[in-house]
1. Starting from the amide H of Val71, placed 1.01 Å from N in the peptide plane, find each other amide H under 5 Å away whose residue is 5 or more places distant or on another chain.
2. Between Arg298 and Arg265, what is the label-point separation in nm under the 7 Å Cα-to-beta-carbon projection?
3. Taking all pairs of distinct Cα atoms, average 1/r, flip it, and tell me the Kirkwood hydrodynamic radius of region 77-130 in Å to one decimal place.
4. Give me the tail of P(r) for region 130-282 as a percent: Cα-Cα pairs with distance above 25 Å.
5. Please work out the Cα center distance from region 133-162 to region 239-300, rounded to the nearest Å.
6. Net charge near His166, counting Lys/Arg +1 and Asp/Glu -1 over other residues with Cβ under 10 Å of its Cβ?
7. Just to be sure I understand the model, the point goes 7 Å from the Cα along the line to the Cβ. What's the resulting Glu272 to Glu251 distance in nm?
8. Mean Kyte-Doolittle of at least -0.5 and a Cα length of 27 Å or more along the axis: which whole DSSP H helices of the chain meet both?
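Each value in this text was obtained by applying a stated rule to the coordinates, not by laboratory testing. These numbers come from a predicted model, not from an experiment. Here the Cβ positions follow ideal geometry from the backbone for every residue, glycine too, while neighbour counts run over all protein chains shown.
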Amino acid sequence: MTADGVATGGDLAIGVDIGGTKCLALVLRGDTVIDESRRETPSADHLAEHLIDMVSAIEERLGCRVPVLGVGAPGLVTPDGVVRASPNLRDAADVALGKRLRDVGRWRVHVENDATAAAYAEWATGVARGSRHVMMVTLGTGIGGGWVVDGKVHRGAHGFAGEIGHMVIVANGTPCPCGKRGCWERYASGSALRQFSGGEDGEVVARRAARGDADALSVMQTFADWVALGLANLVNAFDPEVIVLGGGVVESADMFLPVVKDRLREHLYSSEQRPCPDVVAAKHGERSGAIGAALLGRLH
Ligand SMILES: [Zn+2]
């Protein structure tokens, strides 16, 4: 019970994943998701109010206060929860999201990079449980990267590690919302898949490919090859034990994962002389980021 007589759910934690198009919020009791909701992502200056409203609606539905609020945000997120830059969120520059949520005074708030949160979820409770070197790659509106290195979450010197979507993979290639050209996420994200298919959703292309449609199979092949090329560069640099693919596109993993694995081995430096890391779909699917945000929120 709080001072004003409202019940608190002591073991509950809310996790929110802010995506380029939608925000996914869920509630964990222990490791179990007991409530879930989605809303469209607003421009970054309205984000805090939007999340407060979303979380308040969840608490009302549950009939109790939830003490922990973890948020996964795309882009450069500082340890105190400022979103410095995020090319796939409108107007995101120096948004003090953590402070604005903390100022409400109702939750213990932690803001994390979304892919770092996803990596933590898959390592702690998902498909990479028991591994010590995990690379998480989320394929959504953009591409996010998160690492567990030697059993610890790796954030880099400023919290900005893992911006793998903006590794330049084609010199002077397709323009990216980040201002550069030829970034990997222009070729291997969910948005890129949509672009390759002439505007169709990834799931629609995957369904057509599963029926043997030649155009759809060719689109999936092209997409998988771009995914594999970027992964090979990352494996050359970081030598992970396992690569976990997350994000919305992973719902169609059956249609492109086998090609990704084959092509990764072909692209990898000296692949005959080394183990090639396994590439697996996230156990939590597109929920990884929100689950990881809730779990990390409990730790802070
Ligand atoms: Zn970029």
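1. Those lying under 5 Å, H to H, from Val71 are Val16, His110, Val111, Glu112.
2. Those two pseudo-labels are separated by 3.9 nm.
3. Values: mean 1/r = 0.0799 Å⁻¹.
This gives a value of 12.5 Å.
4. For region 130-282, the share of Cα pairs beyond 25 Å comes to 27 percent.
5. Using only Cα atoms, the two centres lie 11 Å from each other.
6. On the way: positive: Lys180, Arg186; negative: Glu163, Glu185.
Summing Lys/Arg as +1 and Asp/Glu as -1 gives 0.
7. My value for the distance between the label points is 4.3 nm.
8. 214-238
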